[in-house]
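Read through the structure below, which is laid out as structure tokens, and then see the notes.
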Amino acid sequence: MSSWFIADLHLDGTRPGAIRLLLNLLEQIEGRADALYILGDLFEYWVGDDALATPDAAVFQPVVSGLRQVHDSGVKLYFQHGNRDFLVGERFAEATGCTLLPEQQVIDLYGTPTLLLHGDTLCTDDVEYQQVRKLFRNPQWQQQFLALPLAERIRQAEAMRAQSRQRMQGKAEAILDVNQQTVEATLRAAGVTCMIHGHTHRPAVHDFLLDDLRSQRVVLGDWHEAKGSFLRVDADTMTLEC
């Protein structure tokens, strides 16, 4: 048995290929895995669980059903919010069988204490993004946003997505990546030497020394350009691939 980790699928109605890839993966692990961890940005944006009841949400119904089927097969499902789908709530969790995780979660990964997080909090060089993130994670802002009509929420989400793309185009690549000092401080605070995250879309396994201890940071890849990235871990091996 094994545990699987995915992130940054950014699913929306314009990319049915990514949805099909996910459904293929779900079929592959159904009844054959210990757990599936979704570490944020499953969706391009999420404006509230009430959207599940609208006709426009029909494109995501196979995803909801597929996740539920995996859960019902005995595979534990975990969902961690990303910077695009931080409004995923209990209604989605109930429909899919997912357990919602906090922003940071330490798990026992076959004997190795491992910190799971989306990864955006590690990109501290991007001061502008961190300020926007602080606003979006404010419970009062979320309450006000969710009180808006659904159509207005969708309009604002589309506008924010366009603004985000414009901001990223003008930033250096180094700013958009993690800050190593923040990585080390985060590991120390969690009391572990291994972390898994997404967000940066730069899949890799980084080995380094932290306070003279061998440490590791595993970065999940995205699901763009007709490919899906996943991490598979069992008691003996770890595989990061498409």
Convex hull around the C-alpha positions of the chain: the volume in Å³ per residue is 122
Residue 206 versus residue 133: modelled label distance in nm, points set 7 Å from Cα along the beta carbon direction = 1.3
Segments 22-34, 124-136, 213-225 sorted - mean Cβ within 10 Å per residue, highest first | 213-225, 22-34, 124-136
Full-stretch length increase - residue 152, residue 112 - with 0.36 nm per residue and alpha-carbon distance subtracted = 9.9 nm
If the convex hull of the alpha-carbon atoms of region 132-196 is projected onto planes in all directions, what is the mean projected area in square nanometres?
-> 6.4
Based on the Cβ-Cβ distance of residue 91 and residue 34, what FRET efficiency does E = 1/(1 + (r/R0)^6) give at R0 = 30 Å, to the nearest 0.05?
-> 0.70
May I ask for the percentage of alpha-carbon pairs in region 26-86 that lie more than 20 Å from each other?
-> 31
How much length is gained if the chain between residue 140 and residue 232 is pulled fully straight, taking 0.36 nm per residue apart and subtracting their Cα-Cα distance, in nm to one decimal?
-> 29.4 nm
Name the residues whose placed amide hydrogens come within less than 5 Å of the amide hydrogen of residue 84, ignoring near sequence neighbours (fewer than 5 apart) on the same chain.
-> 41
Helical contribution to [θ] at 222 nm, DSSP H n ≥ 4, -39,500 (n - 2.57), averaged over the chain, rounded to 500 = -10500 deg cm²/dmol
May I ask you to give the average projected area over all directions of the convex hull of the Cα atoms of region 1-109, in nm² rounded to one decimal?
-> 6.3
Any idea of the accessible area per residue across region 1-152, 1.4 Å probe, to the nearest Å²?
-> 44
Spacing of the two label points (7 Å from each Cα toward its C-beta) at residue 57 and residue 12, in nm = 1.8
Assign unit charges at the C-beta atoms only (+1 for Lys and Arg, -1 for Asp and Glu), then state the dipole size of region 1-134 relative to its Cα centre in Debye, rounded to the nearest 20.
-> 280
Have a look at region 54-154 and give its Rg and Dmax from the Cα atoms, expressed in angstrom.
-> 16.0, 47
Please give the direction-averaged projected area of the C-alpha convex hull for region 107-215, in square nanometres with one decimal.
-> 8.8
Centre separation in Å (Cα based) which lies between region 87-121 and region 169-224 = 17
Over its alpha-carbon atoms, region 1-58 yields an Rg and a Dmax in Å of 12.9, 38
Extended-chain gain in nm, criterion 0.36 nm per residue less alpha-carbon gap, residue 65 and residue 181 | 37.7 nm
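The values are calculated or read from the model by the stated rules, or taken from the named source; none is laboratory data. Bear in mind the structure is a predicted one, so any value in this text is a computation, not a measurement. Ideal geometry is used to build each Cβ from the backbone, glycine not excepted, and the neighbour counts take in all protein chains shown. Side chains included, ligands, DNA and RNA excluded: accessible areas come from the protein's heavy atoms. Shrake-Rupley method; radii C 1.70, N 1.55, O 1.52, S 1.80 Å.
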